[in-house]
Amino acid sequence: MICARCDKTIRPGQPYDAEPIHAGSGPGETAYLHRNPCVRVPVQAAPERGTSAYGWSTHSQPRRR
């Protein structure tokens with residue numbers, strides 16, 4: 001099993017908790033978590049507003065005449 005918090009393996013014999021994740025429109029899932037606190041995996045956030053994924057500005061420049 002893989003821990004839903006740290007993405008590391010839960011080895012046989014290690015204590016873990018099984019947390020149900022309810023879904024309104026279909027079958028739910030079960031998240032497995034190490035019982036002892038583990039470090040959460042960093043989440044990649046979306047790029048800042050007004051920049052593309054490559055870092056350049058997405059705002060249009062005024063047209064020169």
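The values are calculated or read from the model by the stated rules, or taken from the named source; none is laboratory data. Fair warning: this is a prediction, and the values are worked out from it, not measured in the lab. Here Cβ is always computed from backbone atoms with ideal geometry, including for glycine, and neighbour counts include all displayed protein chains. We work out accessible area using only protein heavy atoms, side chains counted, and drop any ligands, DNA or RNA first. Shrake-Rupley method; radii C 1.70, N 1.55, O 1.52, S 1.80 Å.
Odds and ends about this structure:
- Number of positions in segment 6-52 that are touching a strand residue (DSSP E or B) at 6+ places or on another chain (Cβ under 8 Å), part of a loop (DSSP other than H, G, I, E, B) and modelled with pLDDT of 90 or more: 6
- The residue pairs whose first member lies in segment 29-49 and is open to solvent by 100 Å² or more (accessible area, probe 1.4 Å), whose second member is part of a strand (DSSP E or B) and modelled with pLDDT of 85 or more, and whose beta carbons are closer than 6 Å, counting only pairs six or more residues apart or on different chains, are Glu29/Ile21; Arg35/Tyr16; Arg35/Asp17.
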